[in-house]
Amino acid sequence: MMSEGWGKVREENLNVMLAELLAESGLKAIGEVVIQKRMPDVLVNINGVRVIIEGKRIGARKQLIEDACKRIDNALCDVVMMIEYKNLPLEGILIDQKEIKKALRRGTYNVGFLTYLERSGLAKWIPELREEVRFDENVSFQDLMAYLIQVYDIVIKETSLNKFVSEIEKKIYDFSERVMMDRPNISRLKEVLELVEREENEKR
């Protein structure tokens, strides 16, 4: 567990340091990464995909999930990475930024992700998505990054799929419009049919 020395370190500071460490440790390998520090939110923009890092100490999971839902519902981001700081090992007596990053790299976490896709109700159509919020326990820093990249890929693929679906819908709409324009005049057709029927009756 986290030692008493961490009591003076704000969770927002841990979130900022974690975001910087993720960028320094290879997150930039998948594209441009921009970190915006707007307390209490830490927004990581990865190639246009907005990821908010929301972290708390153990024991506040319900609040963590509620905050994550608000971030998505208020359209502040595409993904919320929910972090429970489970174990951050200290090596030194003083806790400075360098020591915090070192502890974060060697630490373990409980981690969950929430995206706009889950909140939109599309989980039943996309097998990779989870309908309920689930946390993975005792996650290392390296695995934490792997999880984030995986979720990023899912969001990117679904965004591309949405564009494809929108294009298909447009073509269907255009086709329907043409069918409606070429549709025969029903009133005139009735008149013709009644005329033919009348002529046949007269012949009888």
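The values are calculated or read from the model by the stated rules, or taken from the named source; none is laboratory data. Quick caveat: nothing in here was measured; it's all calculated off a predicted structure. A quick note on method: Cβ atoms are made from the backbone with ideal geometry, for glycine too, and the neighbour counts reach across all protein chains shown.
Considering segment 110-153, and only residues there that are polar (S, T, N, Q) and in a strand (DSSP E or B), the residue that is modelled with the lowest pLDDT turns out to be T115. Please indicate, with yes or no, whether at least one residue in segment 53-75 is within 16 Å of N138 (Cβ to Cβ), touching a strand residue (DSSP E or B) at 6+ places or on another chain (Cβ under 8 Å) and assigned to a helix (DSSP H, G or I). Looking through segment 53-75, at least one residue is within 16 Å of N138 (Cβ to Cβ), touching a strand residue (DSSP E or B) at 6+ places or on another chain (Cβ under 8 Å) and assigned to a helix (DSSP H, G or I). For segment 47-100, filtering for residues that are β-branched (V, I, T), in contact with a helix residue (DSSP H, G or I) (Cβ under 8 Å, 6 or more places away or on another chain) and modelled with pLDDT of 85 or more leaves 9.
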